[in-house]
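Here's the structure we're looking at; comments come further down.
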Amino acid sequence: MLDRRGFLRNTAGGAAALAAATLISPGCAAEYPQAEMDGVALQTLTPKQYAVVRAAAEALLVDVPVSPAEVAASVDRELALVGDPIEGDMKAVLGLIEHLTILGGRLRRFTALSPEARLRYLGTWRESRFKLRRAAFMALRAVVYYTAYTHDSTRPLTGFEGPWPERYRIPVYPVDFGEVV
Amino acid sequence: MIVEGYRYSGTLRDKADVVVVGTGAGGGTLAAYLSDRGWDVVMVEKGGFYRAEDFTQREEHAMGLFNGRRGLDSTVDNAVMLTYAEAVGGCTVHYWGDSFRTPEDRLEKWRTEFGLDWMTPEELDPHWTAIEEELGIHITEERLFNENNRLVRQGCEALGIEGSAVPTARVDCIGCGWTQFGCAYNRKSSQLITTIPRVSRQGGRIYSDARVERILIENGRAVGVEGSLIDRETQRPRGRFRVDAEHVVLAGGAIGTAELLLRNVPEPIVGQRFYVNPHFFVFADFGREIDNVTGIPCAYSVHGFRKVRWGPNGQYLGGGYTMLCSHQSPGLTAAILPEAGAAHAERMRKYRRLGSLMSVIDEEHPGRVYLDGDVRRTSFTLRGVDVLKAVDYMKNAARIFLAAGAQEVWIPDIYGTVVRSEAEIEDRIRARSVAPNAQLCAGSHFVGTAPLGADPDNSFAGPTGESHRIRGLYVADGAAVPTSVSVDPSLTIMGVARWIAAGMHERSGRAGA
C-alpha cells in the first residue's frame, strides 16, 4: 500500500506524514456515525473518511444549495470507481486532515471542530510552506467543489441552465459505424 | 466491425497486416490511411465505444465515461491535473477541434536537433491538406464566437496584440458549447465519426474495452499484442485477446504509449520527456452577464506571444506561450476558482459574468512518465524560464481583459489575487502564483515520451516512426512528437501519423498511392 502513495511520498515532509498516516486508526462506525445517519452504503471510504469529506464539505460549501452528505456520497462513489493510485492517495489525505489538527494547536479532531474552525484550519493547509499540505488541501477542495457544483441543485446559484440535450431537440447527424457486436 | 470487448469473456483472437494500439488523432489517421489502401487493419482501444447519444453534456458523466482515471488524474505531487480521453476516438472525443499546422520554427528545431530531415512544410503539406479536407477544417466562422471570444479579440485589437480565429475541425456546428464532453450531435470531426467508421466499414476490426498489456516480440521483431478485455462497470478484466500482425503501431497517446513501452520495451529514453503545455487559467469579471457558454470554447486564440523574446545577454524578455479563449463548466470552474467558504460561493455567483483565458505554455523543461512499482505515474515541475513564461502570460491576459472592459481580473491562486487596473499588474501578479499547488494547473497537450529522431540514444524511434531496436514496432501519436509543439498538437500528430503511414505503405510494395 505504501508504494501507491506517491502523492504524499513525493512532497516535502511527505515521508514523515506518510508514516503518520499509516499509524492513524481507521476509526469505526461508532466513532463516526455520519454515513449511517445519512443512510449511505459506503463503497470504498471508511465511516471516518466519509465523515471527513462530509465535514470538509460543510465547511467549504457555505450558502451553497447542496447537501454535504450528497457530496460525500458522490466522492465515495467516484473513488471506488477510479481506484488506485487516486483512491489510496485521497484516503491518506483524509486521514491526515482529520488528525493533524494538532499542528495548529487544536486539541480536537477536524470532524469535531465547528465548520468555521474547520475552514480556518484548512486555511493553514492552503498557506502552508510545506508542499505536502498545500497539495493535500488543493486535492480535497478540488474534489469537494467539483463534486458539489456538478449537482443540479447548484444551478440557481450559478445561473447555469444545464446541458443542451436536456433542453433542446437537435438532430444528431447519422454515422454508419458498420457492424457493432 | 466494432467489437465491444466488455461484452466478451474467454479469449478473442485476430490476425491482421497491422494492429494499431489506440484510436485517437494518430491511430485513427494512420489506420484509415492504410485501410483505404487495402491493408487489413485491427485497432485496439482501452476505452469504450460511445456514440453521440451517450454524450449527455453532464460533466461528471463525461469525466467518468471517457476521461482517463475519470478526470481525476494528476501528476504525482498534484501540481498538474491531467486531462486525456480513453474511448474509441481517443483524445479527439474531448478535444476542442483546434487544428493548427505545426509552426515552421518548430519543424526546423526538429530537423536540426533531432535529425528529422523530412519534417518540412512541403513534405507535410499534402498530408495536412488531405486531413483538413476530410475533417472539414476551416477558420471558425463569426457565428461561433461567443462574447468571451469577442471580448478577448477586442482587447487584443486595442493593445495591438496578434491573434486570430482558430482553424477548427467541425461541420455545421450548432455552437452548444460543450465540445469537451463529447459532441452530442456528431458535428465535431473527431476520429470517432470520421476515420473509425471508415475503417470499420472497410473490413477493419476495432476492439473497444481492450487493454493491451504485452507487445509480442519474436527475434527482435514485433509480431502482435495481447491483453485483457475490460468490464466497463468494474474496470476489471473479464476476458483476453490476442492480435497477431506484421506491424504493430503504438498510438495510445503520450501517456498510454509510454506506459506500454515501460512495461515492455523499457529503454532509457521512454517517458523521460513529458510535455504538457501547462494550462493556467485567468478569469475576468465583466460586471454584467456575458455569454461564455455557447459557441465553441476557443473561437479565437492569441498568438502574439508564441515566440520567446530574449535580450542581448540571453535574459528572458517575454513570450513563449499562446492563449486560448476557454469556457468552463460549473464543476471545473468551482474547482479552479480561489477562496473557500462564503467567499468561494460569492465568486461562483458571478459564473455567468466571467470571461476566461487559458495558457498553452511552450515549456522547455518537460516532466516524466514512469512506473512506481506497478503503478504508472507522472511528474512535472514548472521551473526555470517556464515560470517566467507563466507569469508573463498572466500579466498579458490581465491586460487583454482590462482593455476589453473587465472590472476585475482574477488569478485563481491561493492568495485570491485580484487586479483592477494596469497599474496593479506588475505588483500583484508574481511567480508565487504558479508555484506547485498555488493554483489548479492543467495539462492536455501530451507529447514527447517516445520521440522520433535520428540518434538512437536520444530517441525511441527513427525518422520513419519505426523503433530503433524492435523491427515492425512503430510509434505514431503524441509520444512520437519530439518536443512541445507550441500550439495545440492535434494536427501535428495527425500529419506525422499520416506521413508514417505513407512510408509504411510505400515500403510494403503494395499497389496504390
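Things to note:
- Residues that are surrounded by 18 or more Cβ atoms within 10 Å (Cβ to Cβ), free of Cβ contacts under 8 Å to residues at least 60 places away in the same chain and not in a loop (DSSP other than H, G, I, E, B) within region B:169-215 comprise just one, B:P197.
- Hits in region A:143-153 - residues which are more than 7 Å from every other protein chain (Cβ to nearest Cβ) and touching a residue at least 40 places away in the same chain (Cβ under 8 Å): A:V143, A:V144, A:T147, A:H151, A:S153
- Which listed residue, of A:P165, A:P156, is at the interface with another protein chain (Cβ under 9 Å from one of its Cβ atoms), surrounded by fewer than 22 Cβ atoms within 10 Å (Cβ to Cβ), out of contact with any Cys (no Cβ under 7 Å at 6 or more places or on another chain) and part of a helix (DSSP H, G or I): A:P165
- Residue in region B:252-273 that is away from every other protein chain (no Cβ under 14 Å), within 20 Å of B:V42 (Cα to Cα) and part of a strand (DSSP E or B) present: no
- Of the criteria (1) more than 8 Å from chain B (Cβ to nearest Cβ); (2) at pLDDT 95 or above, which one A:R108 fails: (2)
- Residues in region A:55-103 that are within 16 Å of A:A136 (Cα to Cα) and free of Cβ contacts under 8 Å to residues at least 60 places away in the same chain: A:L79, A:I86, A:E87, A:M90, A:K91, A:L94, A:I97, A:T101, A:L103.
- Of all the criteria given as (1) over 18 Å from B:S99 (Cα atoms); (2) more than 14 Å from the chain's Cα centre (by Cα); (3) crowded, with 19+ Cβ neighbours inside 10 Å, the one not satisfied by B:G448 is (2).
- Residues (within 13 Å of chain A (Cβ to nearest Cβ) and on the phi > 0 side of the Ramachandran plot) located in region B:5-60: B:Q57
- Number of residues in region A:147-159 that are within 18 Å of A:Q49 (Cβ to Cβ) and not hydrophobic (A, V, I, L, M, F, W, C) equals 1.
- Filtering region A:114-132 to residues that are out of contact with any Asp or Glu (no Cβ under 8 Å at 6 or more places or on another chain) and either more than 9 Å from chain B (Cβ to nearest Cβ) or small (G, A, S) (or both) leaves A:S114, A:A117, A:R120, A:Y121, A:G123, A:T124, A:W125, A:S128, A:R129, A:F130.
- Matching residues, region B:408-453, being part of a strand (DSSP E or B), touching a Pro at 6+ places or on another chain (Cβ under 8 Å) and either over 30 Å from B:G465 (Cβ atoms) or modelled with pLDDT under 95 (or both): B:W410, B:D413, B:Q439, B:C441
- Against the numbered list (1) at the interface with another protein chain (Cβ under 9 Å from one of its Cβ atoms); (2) within 21 Å of B:G68 (Cα to Cα), A:L140 comes up short only at (1).
- Qualifying residue in region A:84-92 (condition: facing another protein chain (nearest Cβ under 8 Å), part of a loop (DSSP other than H, G, I, E, B) and over 18 Å from the mean Cα position of the chain (by Cα)): no
- Checking each residue in region B:69-105 for being surrounded by fewer than 24 Cβ atoms within 10 Å (Cβ to Cβ), facing chain A (nearest Cβ under 9 Å) and part of a strand (DSSP E or B) picks out only B:M81.
- Leading residue by the ranking (farthest from the other protein chains (Cβ to nearest Cβ)) among those in region B:276-325 that are free of Cβ contacts under 8 Å to residues at least 24 places away in the same chain and part of a loop (DSSP other than H, G, I, E, B): B:P312
- Scope region B:238-264; condition basic (K, R) and in contact with a Ser or Thr (Cβ under 9 Å, 6 or more places away or on another chain); matching residues: B:R238, B:R240, B:R242
- Enumeration of residues in region B:328-364 that are part of a helix (DSSP H, G or I) and surrounded by fewer than 19 Cβ atoms within 10 Å (Cβ to Cβ): B:A342, B:A343, B:E346, B:R352
The values are calculated or read from the model by the stated rules, or taken from the named source; none is laboratory data. Note that the coordinates shown come from a computational prediction; the quantities given were computed from them, not determined experimentally. Using ideal geometry, Cβ is built from the backbone for each residue, glycine included, and neighbour counts are taken over all protein chains shown.
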